[in-house]
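Asker: Below you'll find the structure I mean.
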Amino acid sequence: MEMRKKKLPIGIENFEKLRSDDFYYIDKTGLIGELLNNWGEVNLFTRPRRFGKTLNMSMLEYFFSLNGDKRIFEGLDISRETGICEEHMGRYPVISVSLKGIDARSYEIAYQMAAQIIIEAAAKFYFLLESEKLNEHDKAVYRKLLDDNMNEGTLGSSLRQLSGMLEKHYGTKVVLLIDEYDVPLAKAHANGYYDQMLSLVRSLLGEALKTNRSLKLAVLTGCLRISKESIFTGLNNLKVLTIADERFDEYFGFADKEVKDLLEYYGVMDHYEEVKRWYDGYQFGNAEVYCPWDVLNHCDRIRSAPHAQPENYWINTSSNDAVKRFIQESANATTKREIERLVAGEVIIKEIHQELTYAEVYQSIDNIWSLLFTTGYLTQRGRAEGRQMKLAIPNMEIRDIFETQIMEFFKENVREDGELLNRFCNALQNEDAENVEKIFTEYLRKTISIRDTVVRTEMKENFYHGVLLGILGVKHRWGVSSNREMGEGYADILAEPDTGDMGIIIEVKYAHDGDLDGACKEALKQIEYTKYEDDLEDDGVENILKYGIACYKKRCKVMLAEKR
């Protein structure tokens, strides 16, 4: 009988639970040693979502905290650094807060949420009310931190006040952990109360990090590195570690060897190539990493369903607004070409600004490039030269997000091009192959084409197929079906105009060698060979038009079959 395997830690962000409940753990405790050896008083890690930031913060909390269970570190990398463990492990009061939950439509509600987070953080130290080290004034201040109706001044100074009391009580300085510091700003920007939230976060963090004499060490995480002026003004002890930074590059995300060991352990090593193609490809500093969320989810799927195809696990964890906005910029011809090149697997060189404020992110196409880079939709290849970076889409999963958004955008635009597309449908009905070809070519030039170098021919056919279906959709009263089983095969597209006496069969082929004529003839042959029209004739439809359409990049050729 095979031994029971450890559980996969999908969505487990509590380090103690992960270690004591027998979950599989990829050891990232080296982060602790590196933090303490390369001393920075305030450290900010920016990484895309789902790369293990929260779990790492939980690990730091259990390591430093006076009342953490130290056995959970046995056998991990950090336990071999005995000097560090003796000096720092379990030695500090730790204040740990996550701002991830502050997501509200109005500032008032967001403020209440922030107050709740502070109340919960303060309530963990309820014993301060009994402490002989604190005087009555201290205790009165502490009580305010437990009050639902605390004012902005109290909230702003709360983390600093709490640190001071803990230092007084224990006689040691405090470790402060703030997870997802920028989420409230992102939500405030989306809902129109950015300035108010900015001043709240600024006072909360400013006092906690800048004027806090009780601070031993602080670690913050977030997605964006918000420009220092807007939030950390005058904070000169801040060390920012972004995805472009070589320090700490391997502690967020899974390395290739870690993924191989994981797949090996669960007996699914034969899926290594697909996992690599779909979920690898991020470059943080000099390290190449996989997105952990995807690897764990996919590993879980294929253990129970070995034939399951890779899918997009990341897309459901946020709104993909950045990609949407980027693709909307494609009216600009240069951007359109750049999007096409990215999707085709090429590299684009851009100047990246890592310090942005939320108010600026969508202001210019240059800032959107920077946003796509910091949020993980694009990654760097090779080394940066100054601010110039070589950018690429990391892997199949993210390409899938781009392609989906491109098709969505295309569908929205179809509505605006109604007049042109009506002409296309009329030409189809009027057996005018020449105009069908002309209008379709014109349309392909306007859309973002997905001409994917790495993709199989049938996938390329899918793209043109999707575009055609989108265009035919402008005729609300036509019957349009696709890949319906008919006769002895599958028709690509069958359109039945509302006149009721006509059927239009269209077969799309991708001319991978650029031979449009050959591909067109092939398409028509396929229509003959599959006898699609038998079904139509059985329904009494006499006027049957058969089109072969061949596409190659932005060119197309249309042929109409002779009637029999």
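The values are calculated or read from the model by the stated rules, or taken from the named source; none is laboratory data. Please read these numbers as outputs of a predicted model, since none were measured by experiment. Ideal geometry is used to build each Cβ from the backbone, glycine not excepted, and the neighbour counts take in all protein chains shown. To get the accessible areas, we keep the full protein, side chains included, count just its heavy atoms, and leave off ligands, DNA and RNA. Shrake-Rupley method; radii C 1.70, N 1.55, O 1.52, S 1.80 Å.
Asker: Between residue 213 and residue 512, what length comes free when the chain is fully extended (0.36 nm per residue of separation minus the Cα-Cα distance, one decimal in nm)?
Answerer: 100.9 nm
Asker: Same structure, new question: Work out the length of the dipole vector of the chain about its Cα centre, built from +1 on the beta-carbon of each Lys and Arg and -1 on the beta-carbon of each Asp and Glu, and round it to the nearest 20 debye. Write down the numbers at each step before the final one.
Answerer: Details: 74 positive and 94 negative charges, 406 e Å.
Dipole magnitude for the chain comes out near 1940 debye.
Asker: Which residue, 172, 203, 413, has the largest displacement toward the positive end of the dipole of the chain when charges sit on each Cβ (Lys, Arg +1; Asp, Glu -1)?
Answerer: The residue sitting most towards the positive pole is 172.
Asker: Past 18 Å, Cα to Cα, is the threshold; run 168/216; 5/260; 336/509; 509/554; 53/324 against it and keep the listed order.
Answerer: As for pairs spanning more than 18 Å Cα to Cα, those are 336/509; 53/324.
Asker: With a 1.4 Å probe and every protein chain left in place, work out the accessible area per residue of region 217-306 in Å², rounded to a whole number.
Answerer: 37 Å²
Asker: Related question: Considering only protein heavy atoms, with the full assembly of protein chains and a 1.4 angstrom probe, order 210, 124 by accessible area, largest first.
Answerer: 124, 210
Asker: For the pair residue 385/residue 69, report the inter-label distance in nm, with labels modelled 7 Å from Cα in the Cβ direction.
Answerer: Roughly 5.4 nm, to one decimal.
Asker: Now for a separate question. Are any of the pairs 460/563; 7/276; 411/525; 100/390; 228/350 more than 26 Å apart by Cα-Cα distance, and if so, which? Please report the intermediate quantities before stating the final value.
Answerer: Values: 460/563 29 Å; 7/276 22 Å; 411/525 30 Å; 100/390 31 Å; 228/350 22 Å.
Result: 460/563; 411/525; 100/390 exceed 26 Å.
Asker: Can you tell me the 0 to 90 degree angle between the C-alpha axis of helix 194-209 and the longest principal axis of the chain, rounded to 10?
Answerer: Between helix and principal axis, roughly 40 degrees.
Asker: Round to the nearest 10 and report in Å² the accessible area of residue 63, as given by a 1.4 Å probe over the protein chains' heavy atoms.
Answerer: Surface accessible to solvent at residue 63 totals approximately 0 Å².
Asker: Spin-label point model (7 Å from Cα, Cβ direction): what's the residue 328 to residue 202 distance in nm?
Answerer: Between residue 328 and residue 202, the simple spin-label model gives 2.7 nm.
Asker: I'd like to compare 86-92, 130-136: which one has the highest average count of other Cβ atoms within 10 Å, and what's the full order after that?
Answerer: Result, highest mean Cβ count within 10 Å first: 86-92, 130-136.
Asker: Using a ≥ b ≥ c from the Cα gyration tensor of region 224-377 (square roots of the eigenvalues), is it rounded, prolate or oblate, where a/c under 1.5 gives rounded and otherwise the larger of a/b and b/c decides, a/b for prolate?
Answerer: Because a/c hits 1.5 or more and a/b fails to exceed b/c, region 224-377 counts as oblate.
Asker: In the chain, what percentage of the DSSP-assigned beta bridges are antiparallel, given to the nearest 5?
Answerer: Roughly 45 percent of the DSSP beta bridges within the chain come out antiparallel.
Asker: With equal scatterers on the alpha carbons only and no solvent term, can you work out the Debye log10 of I(q)/I(0) for region 265-337 at 0.18, 0.20, 0.21, 0.27 1/Å?
Answerer: The Debye formula, applied to the Cα set alone, gives -0.83, -0.92, -0.96, -1.18.
Asker: Same structure again: State the extension gain, in nm to one decimal, for the chain segment bounded by residue 543 and residue 227, taking 0.36 nm per residue of separation less the distance between their alpha-carbons. Walk me through the intermediate numbers first.
Answerer: Details: separation 316, 0.36 × 316 = 113.76 nm, distance 6.59 nm.
Taking residue 543 through residue 227 to full extension adds about 107.2 nm, to one decimal.
Asker: Restricting the calculation to Cα positions, tell me the Rg (one decimal) and the Dmax (whole number) of the chain in Å.
Answerer: Cα only, the chain: 29.4, 101 Å (Rg, Dmax).
Asker: With a 10 Å radius around each residue's Cβ, average the other Cβ atoms per peptide and rank 274-287, 320-333, highest first.
Answerer: Numbers: 274-287: 20.1, 320-333: 16.9.
Descending packing order for the listed peptides: 274-287, 320-333.
Asker: For region 144-218, max minus min Cα coordinate along each principal axis, in Å, sorted largest first?
Answerer: Largest first, region 144-218 extends 43, 26, 17 Å along its Cα principal axes.
Asker: Here's another thing I want to ask about it. How fast does region 316-455 diffuse by Stokes-Einstein, in µm²/s, taking the Kirkwood radius from C-alpha pairs at 10 °C and 1.306 mPa s?
Answerer: In µm²/s, the coefficient rounds to 96.
Asker: Viscosity 1.002 mPa s, temperature 20 °C: what is the translational diffusion coefficient of region 8-118 from Stokes-Einstein with a Kirkwood Rh over Cα pairs, rounded to a whole number of µm²/s?
Answerer: Values: Rh = 15.6 Å.
Once the numbers are plugged in, D ends up at 137 µm²/s.
Asker: Another one. Treating only the Cα positions of region 92-226 as identical point scatterers, give the base-10 log of I(q)/I(0) from the Debye formula at each q in 0.13 Å⁻¹.
Answerer: For the requested q values the scattering log ratios are -0.52.
Asker: Here's another thing I want to ask about it. According to a simple spin-label model (label point 7 Å from Cα along Cα-to-Cβ), what is the distance in nm between residue 446 and residue 136?
Answerer: Inter-label distance under the simple model: 7.9 nm.
Asker: Accessible area of the chain with a 1.4 Å probe: how many percent of it is carbon plus sulfur?
Answerer: Carbon-and-sulfur percentage of accessible area, whole number: 45.
Asker: I would also like to ask the following. Full extension from residue 412 to residue 247: what is 0.36 nm times the residue separation minus their Cα-Cα distance, to one decimal in nm?
Answerer: The residue 412-residue 247 span can extend by a further 55.1 nm.
Asker: Continuing with the same structure: With an 8 Å cut-off on Cα pairs and a minimum separation of 6 or more residues, tell me the relative contact order of the chain in percent.
Answerer: After rounding, I find 11 percent.
Asker: In the full protein assembly as shown, how much of residue 445 is accessible to a 1.4 Å probe, in Å² to the nearest 10?
Answerer: Probe radius 1.4 Å; accessible area of residue 445 about 150 Å².
Asker: Using R₀ = 56 Å, calculate the FRET efficiency as 1/(1 + (r/R₀)^6) where r is the Cβ-Cβ separation of residue 363 and residue 86; round to 0.05.
Answerer: After rounding, the FRET efficiency stands at 0.65.
Asker: Output the 0 to 90 degree angle, nearest 10, between the alpha-carbon long axis of helix 152-170 and the longest principal axis computed from the alpha carbons of the chain.
Answerer: Helix 152-170 and the main axis of the chain meet at about 50 degrees.
Asker: At a probe size of 1.4 Å, how large is the accessible area of residue 521, to the nearest 10 Å²?
Answerer: 120 Å²
Asker: Once every DSSP H run of n ≥ 4 in the chain is given -39500 (n - 2.57) and the sum is divided by its residues, what mean residue ellipticity at 222 nm do you get, rounded to the nearest 500 deg cm²/dmol?
Answerer: Helix contribution divided over all residues of the chain: -13500 deg cm²/dmol.
Asker: To continue, here is another question. Just to confirm the number: angle between the C-alpha axis of helix 418-429 and the first principal axis of the chain, 0 to 90 degrees, nearest 10?
Answerer: The two axes meet at around 40 degrees.
Asker: Moving on to the next point. May I ask you to work out the translational diffusion coefficient for region 306-378 at 20 °C, viscosity 1.002 mPa s, via Stokes-Einstein with Rh from the Kirkwood sum over Cα pairs, reported in whole µm²/s?
Answerer: The diffusion coefficient I find is 158 µm²/s.
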